[in-house]
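Okay, so here's the structure we're looking at.
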Amino acid sequence: MEEKTIDENKLTGFFDKDTDIKGDLSFKGSFRIDGRFTGKIDSDSILIVGDNGKVEADIKIGNIIINGEVNGTIQAKEKVEINATGRVIGTVITPKLAVEEGAYLEANCQITDQVPPPEKKEKVEDVLQSSPDKNTDPGYQT
């Protein structure tokens, strides 16, 4: 798999340090947040959280570079990079995790190539129907 080169200077979107946004964010290209964002982020691209950035979100992303603060769940398809000034609190799921000396990381980390599917709650009836019937079990004797 070919690794993408990340150029922090080529941005397709930007929230400045005095910006406070709540909602759902999706984008193509690279996006930088230096303000405050609360909500949900979904993109296959690159997210950069600047030194002044504070993000409280569930994030599904291609790559993320963290210099500011992220609180929530990060699911990255390629890489999570936490630089020395970065702070992450929550859950990190990614195939590659890079944490620079001095960074703050308080998270459950799972290093995997596959992002887990959403949890499916089974109904009691479904569980009962899928359990083997004692009368059809050849090892069961009466």
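Tabulated data
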item: Selection from the stretch 67-96 of residues that are farther than 20 Å from Lys54 by Cα and in contact with a strand residue (DSSP E or B) (Cβ under 6 Å, 6 or more places away or on another chain); result: Lys77, Glu78, Thr94, Lys96
item: Residue pairs meeting the criteria (Cβ under 7 Å; at least 6 apart or on separate chains; first of a type in the set (Gly, Ala, Ser) and surrounded by 20 or more Cβ atoms within 10 Å (Cβ to Cβ), in the stretch 80-100; second at pLDDT 95 or above and not in a strand (DSSP E or B)); result: Gly86/Asn67; Gly86/Gly68; Gly86/Ala103
item: The stretch 18-39: number of residues that are of a type in the set (Gly, Ala, Ser) and within 13 Å of Gly50 (Cα to Cα); result: 2
item: Residue in the stretch 20-39 that is more than 16 Å from the chain's Cα centre (by Cα) and on the phi > 0 side of the Ramachandran plot present; result: yes
item: Residues satisfying the stated conditions in the stretch 52-66, i.e. charged (D, E, K, R) and either farther than 14 Å from Glu78 by Cα or outside any strand (DSSP E or B) (or both); result: Lys54, Glu56, Asp58
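Condition check ((1) among the hydrophobic types (A, V, I, L, M, F, W, C); (2) modelled with pLDDT under 95; (3) assigned to a loop (DSSP other than H, G, I, E, B)) across all residues:
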{"site": "Asn71", "(1), (2), (3)": "no, no, no"}
{"site": "Gln75", "(1), (2), (3)": "no, no, no"}
{"site": "Val80", "(1), (2), (3)": "yes, no, no"}
{"site": "Ala84", "(1), (2), (3)": "yes, no, yes"}
{"site": "Ile89", "(1), (2), (3)": "yes, no, no"}
{"site": "Val92", "(1), (2), (3)": "yes, no, no"}
{"site": "Glu119", "(1), (2), (3)": "no, yes, yes"}
{"site": "Glu125", "(1), (2), (3)": "no, yes, no"}
{"site": "Gln129", "(1), (2), (3)": "no, yes, no"}
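The values are calculated or read from the model by the stated rules, or taken from the named source; none is laboratory data. Bear in mind the structure is a predicted one, so any value in this text is a computation, not a measurement. For neighbour counting, all protein chains shown are included, and Cβ atoms are generated from backbone atoms with ideal geometry for every residue, glycine included.
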